[in-house]
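Presented below is the structure to which this report refers.
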């Protein structure tokens, strides 16, 4: 998967660049999308993510706001890291799967009750 390759290439969340990558991925943004929202070139964001350069303080604050993380977390890694979210489509698929499984469980429970009743009637017939 490309995101995993990117993370390996850019490093871990132990660096400013790695934390930018992590937060950007958590927001399901591409490098180009993030660059457009901040008002910089894609190459600039790429350089930040690869630790070739660092954002100025005003860009860092904007970056933190767009990525829903604190500037302190971006700079130091201290505090709450972003949680990978699910988009609405993924949530709908999960809810549908849960409902489908719930129905399957109810069907199995009904079949078990019927089988137990048959066994009970068979045993009472044998006695």
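The values are calculated or read from the model by the stated rules, or taken from the named source; none is laboratory data. Note that this is a predicted model, so its numbers are computed, not measured. Don't worry about glycine lacking a Cβ; one is built from the backbone with ideal geometry, like all the others, and counts go over all protein chains shown.
Computed quantities for the displayed model
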{"item": "Single unsatisfied condition, residue 55 versus (1) loosely packed, with under 15 Cβ neighbours inside 10 Å; (2) at pLDDT 90 or above", "result": "(1)"}
{"item": "Answer residue from the stretch 12-30, given it is in contact with a helix residue (DSSP H, G or I) (Cβ under 9 Å, 6 or more places away or on another chain) and surrounded by fewer than 18 Cβ atoms within 10 Å (Cβ to Cβ) and is modelled with the lowest pLDDT among those", "result": "12"}
{"item": "Matching residues, the stretch 58-70, being in contact with a helix residue (DSSP H, G or I) (Cβ under 8 Å, 6 or more places away or on another chain), assigned to a helix (DSSP H, G or I) and surrounded by fewer than 16 Cβ atoms within 10 Å (Cβ to Cβ)", "result": "61"}
{"item": "Residue check, residue 82 in a loop (DSSP other than H, G, I, E, B) and at pLDDT 90 or above", "result": "no"}
{"item": "Any hit, the stretch 38-51, residues being under 22 Å from residue 88 (Cα atoms) and outside any loop (DSSP other than H, G, I, E, B)", "result": "no"}
{"item": "Meets criteria (surrounded by 10 or more Cβ atoms within 10 Å (Cβ to Cβ) and in a loop (DSSP other than H, G, I, E, B)) for residue 111", "result": "no"}
{"item": "Residue 94 under 30 Å from residue 34 (Cβ atoms) and outside the structural domain of residue 20 (by TED's automatic domain parsing)", "result": "yes"}
